[in-house]
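Below: one structure, written as structure tokens.
No value in this document is a laboratory result; all are computed from the given coordinates. If you're wondering where the values come from, they're calculated on a predicted model, not measured in any experiment. Here the Cβ positions follow ideal geometry from the backbone for every residue, glycine too, while neighbour counts run over all protein chains shown.
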Amino acid sequence: MAPQHHSPLSCLKDIGIIDASCFISCDALHEEFAIIKKTAKDLFLATHPDKGGDPAAFRVAHAAFQVLKSLYNNHRVLNGSYANYFANDKGDGTADGGSDDLDDLYSHFATSEEVPSYEHFEEAAREEVPGYRVELAKSGRAQCVVCKRDGAKEPIAKGDVRVGSLDENSGAYGRWHHLRCWKVPRKIFTGFTDIEDADVTLRDLKSMEEVLLCGISELDSNAQSDVLQHVMEIANWVGSRKRKTDAVAQLPGNMSAKASTTKKPATSASQLTAAPAGQIPHHSTFVPMHLSEVESADKSSLVGRCFVVTGYFPEVGGGTGPD
């Protein structure tokens with residue numbers, strides 16, 4: 001079934017802008033879009049299903065905003081002003097400016113069963129300007145803040161994808177990261193609806209344009225693919241833990257991931273032999289043991305052994321564990 005035609009005028013009304021009066025004081029298109037963005041954000045929070053809002057009303061508002069934003073990003077707003085859609089109203093509730101691609105965009109968000117979390121929209125509502133920008137490095141002179149912190153002096157090569165954050169004092173983007181060094185912020189990954197689907201994730205990223213993130217639509221398909229590959233990997237998210245294989249590779253003895261994942265017969269603490277004095281033993285396998293095995297073992301068999309103790313120990317630092 002072909003998507004139903006939905007004009008820019010009807011999209012303005014869908015987010016609660018019923019006439020052009022709110023644009024009277026605006027001298028430029030970006031000022032008009034700022035009003036649209038603020039109006040839409042407030043409506044998202046009021047209608048979000050996570051807070052008991054109407055799912056249908058939320059989807060309509062979200063879809064309408066995506067159409068209005070697409071017009072702005074692609075310089076397709078009628079004669080450079082959203083007010084012109086009201087002036088051009090034919091009296092039947094429609095106005096010129098719609099197109100098949102906008103209808104497809106509207107249809108996707110209006111019918112999607114997956115909704116980004118309330119937290120995502122709450123974070124977005126706090127930001128007047130997108131906090132992050134992704135782009136191709138322009139000169140090859142900028143240093144990656146992560147590499148620089150770690151003592152490496154590797155600039156971001158010209159043409160490579162880089163990600164920066166907004167400096168609120170200067171209003172410019174800086175603190176550039178290699179894409180591989182960038183940890184995806186929570187406010188962004190909470191907006192993903194299906195990280196197993198690259199097309200859906202790309203739509204999710206584009207839906208954040210001019211809200212939390214900017215620049216993704218300006219990249220070519222290869223660069224967009226690089227960004228997608230990075231953000232779809234949970235290990236690259238802020239707060240994510242290293243994969244088990246990565247953590248095992250850093251254990252004493254440089255045990256390989258292959259060795260750590262190969263099942264071996266269980267070995268008890270009492271079967272371990274003492275290490276030569278003054279040496280830390282290196283084993284080809286990692287031997288998990290319960291505390292009861294250690295307590296019941298011949299204590300002489302544990303001399304010189306290296307143990308990795310895991311768990312939560314609130315009595316050490318005054319914490320309370322995972323909660």
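Figures for the structure shown
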| item | result |
| --- | --- |
| Kirkwood hydrodynamic radius of segment 100-148, Cα pairs, Å | 15.0 Å |
| Exceeding the 26 Å Cα-Cα cut-off - candidates Lys153/Lys187; Lys148/Lys183; Lys37/Lys158; Lys13/Lys38; Lys38/Lys138; Lys158/Lys183 | Lys153/Lys187; Lys37/Lys158; Lys38/Lys138 |
| Net charge of Cβ neighbours under 14 Å - reference Ala34; Lys, Arg +1; Asp, Glu -1 | -3 |
| Estimated FRET transfer efficiency (Thr111, Ala157; beta-carbon r; R0 30 Å; 0.05) | 0.10 |
| Shape of segment 1-68, Cα gyration tensor, a/c cut at 1.5 | oblate |
| In range of the label at Gln229: residues from segment 132-165 whose backbone nitrogen is under 16 Å from the point 7 Å along Cα→Cβ | 160-162 |
| Virtual spin-label span in nm between Ser21 and Lys138, 7 Å along Cα→Cβ | 4.2 nm |
| Label-point separation in nm, Arg149 to Tyr118, each point 7 Å along Cα→Cβ | 3.2 nm |
